[in-house]
Structure formats: structure tokens, C-alpha cells
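To start, the structure itself, in C-alpha cells.
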Ligand SMILES: [Zn+2]
């Protein structure tokens, strides 16, 4: 068994939280911003000090490579992201990068023998907070390996032309061209040169904490479906139209929402969200004539996702005098991680004597796209009060240290035995 340096790991957590410090305990560190650049510079400095070669690809994904003893062995990579949402926390994504750095520093300083090159990697623009969508650069790099029905939602040119949500004009590509860490396309991570990918990440939910588990072993990322639901009524004057003559699209949508809850709440372990709603014309003296609502549903079983799709598609065409239409925007099957890598994680946790459980990832991560390209898995760290994407996001130093030890030992098992 091997152990990382807890103080050195905590020093990194304390250093990186200054790059985009929002003054309220969290950070705002958009992809390709000056704060992102500060984090990249510190990554480069520390990794070169540990003896790594640092390089980047054409999407500014960044790699720090520690040479292994066997020049023919494929690289083993540990990757996550260092960008954040607005007023996000100090652990989402960045903890995976800092842990990858810590593993490299440990292997280097303790001179732990390893055959494979070991790489710490930063994925660019996972959050998609400034340039949507989320998980952008891993979707581009892994694009050729994704199933067609997923790949069609991630057209590279469209993504590169994504506009800043702040100034509405700068494109992701323009920002990338100006970013000092834009490198060469041939440096992109690929299955020919890479053996396996590990991503350590905070859980971003309450399950590990509630169950008093120290580490999460992650076998999969949940399958999901996304619908848009639309009601159409008739706009009219708020004062002159008696209630019985109204076709109120918002009222109809409210009925639809209740109906959705009646049906979907019966399905065990399903999580679903109707997070976005648009009402037209959204004027207090006008009866709404148009309403559009999103539905995002997630479950480990593909059959359950099919059942949800059937329930939503079978909603009536008319509600409260308004027409109702549902449209499946996209869906995705559960992504299972590589069983051998999952077993290395589990074996490492057991040897280290930490409490653990299997936990499915409800959130999307770079690892979910990487899994289509190479053997991949994740390790989860408990999140205090299950909070994430907020200033209060927190994982205890002990939990961070434990998960980092699991990452180190799992990577070394992969180095020794490879992936079957
Ligand atoms: Zn993340």
C-alpha cells in the first residue's frame, strides 16, 4: 500500500482556491478566463517540479506526463476539470486535478517504480458556464467514439462557435485562440496511446454522507432522457375574459406538472427535474398563450428510462382547452465503467481499510464520454450536506486524503496488471 502526502494535498487545495476566489468561500473560474490561466500556470509549475513533461492539445486540455520505465506501455491518465460554475465551490473538478497532481508528486518523490507513463490531465470547459454546453471538450475529443445518437448532439463546429453567455459575441474558439495553453491536435488523449482513465470527483450529493461511507466506488453514470413539453392556449385580456372562456397555457402546464408527479413519483430511485419553464407573453395583464417546460429524468435501468419516455409521450393532447405536445430532445443509456478498473478501486479501498459503497453517478462528468473511448472509472468523495455548485461546497481533508490514496493505489494496480 502507498500513501500520498496529506499536507501537500491540502496545500494545493488552499492554493488553488485563490484562483477565482469569489470572496464568499467559493470560486468563479470560467474556462479560458484569467483565473483558469492562473490555475493552469500553477499546475504546470508544480508538475514540472515533480519531473513531468507538460503539454496541451488544440482544445487547451492539459497534460503532465511522468515517464514510466517501459517505453512501449500505454499511458495511464487521471483527469478532471479546473473550471467552475459561477460562485461554485473549491472541490468540484479541481479536487480530481489536485489529486492527480498529488499522485504524480507521490510517485515521483517516493520513487515508486512504474512501467506506464502516468499522466495528470485537465479537461477544458467541463462546466460550460461561460461557453455552453457542459462537458464540451471531452465530447469533442471522444466524439469519434461516441454512439451516433449521442455524437449528433455534440457537433464540433457548433461547439467551437458557442458564444459567451456574458458578452454574447465572443466565441469559444476565439477565446481558445487567445489562450496561452492552446496546443496541437495530435496531443489529444486517444485510445492508441492511453490505457485507462481515472477521475476522482466529489459526489455532489448526500448519499455517502448519509450512509457514513468514506469513499464511493462508481460503476456507472445514470442513463437519462430530456423532454420539452409545450402547451398552447389563447392570449386575452386579464380583466375582460371570464374564467370559463379561458385557454390558459400556464394553468394547463400546472395540471401537466401534477400529472407527471402522480405518474413518475411511483417509480423507485427515479430522479427527475422540470427545471426550466418559459411563459409567453409573461405579462401580468395577459392570459398566457404559450408555455414551454423542460423535463430531465435519470435512472440506472434503461427499461425505466423507456417507461418514462412512454409515460411522457402518452400524456393527453389536450389539457384545460390547450393543446399539449411533448418532444423527446435526447436520451442516453447508462454508461458503465470498466469492470477491471472498478475492481482496482474497490480492492484499494478494502486494503486501505476505508468504509465504502457502490454509488451510481447521477451527474454527468468527462469520464462518461471518456468511457466510450478507453477503459475508465471514477472515485467519489463525500460532499458535506450533499451541497455542490455553491460557495458552501466542502469535502473534509480526511475524505480528500482517503480518496487520493485510493486513486494512487488503483493507478499502481493498473500499472502492474493492465486492463483486461
Ligand atoms: Zn465536476
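Annotations
- Extension gain from residue 392 to residue 152, taking 0.36 nm per residue of separation minus the Cα-Cα distance: 82.8 nm
- Remark: C-alpha extents of the chain on the principal axes read 81, 44, 41 Å, sorted largest to smallest.
- Note on residue 86 and residue 14: their simple-model spin labels are 3.2 nm apart, each label 7 Å out from Cα toward Cβ.
- Order of 106, 241 under a 10 Å beta carbon neighbour criterion, fewest first: 241, 106
- Among 267, 258, the ranking by other beta carbons within 10 Å of each residue's beta carbon, starting with the fewest, stands as 258, 267.
- Taking every alpha-carbon pair in region 223-332 and binning the separations at 5 Å intervals from zero gives 2, 13, 23, 22, 15, 10, 7, 5, 2, 1, 0 percent.
- Inter-site label distance for residue 49 and residue 72 at 7 Å from Cα along Cβ, in nm: 3.7 nm
- Taking packing as the residue-averaged number of other Cβ atoms within 10 angstrom, the listed peptides 19-30, 143-154 run from highest to lowest as 19-30, 143-154.
- Spacing of the modelled spin labels on residue 329 and residue 301, each 7 Å from Cα toward Cβ, amounts to 2.6 nm.
- Length gained on full extension, residue 34 to residue 340: 106.2 nm, using 0.36 nm per residue less the C-alpha separation.
- Sorting 187-200, 73-86 by average packing, meaning the other beta carbons within 10 Å per residue, from highest down gives 73-86, 187-200.
- Per-residue Cβ neighbour rank within 10 angstrom, fewest leading, 265, 36, 11, 57: 265, 11, 57, 36
- Gain in span if fully extended, residue 269 to residue 282, counting 0.36 nm per residue against the direct Cα distance: 1.2 nm
Rule-based calculations on the coordinates, nothing more; no lab input. Computed from a predicted structure; not experimentally measured. Because the Cβ atoms are built from the backbone with ideal geometry, glycine has one as well, and the counts that use them run over all protein chains shown.
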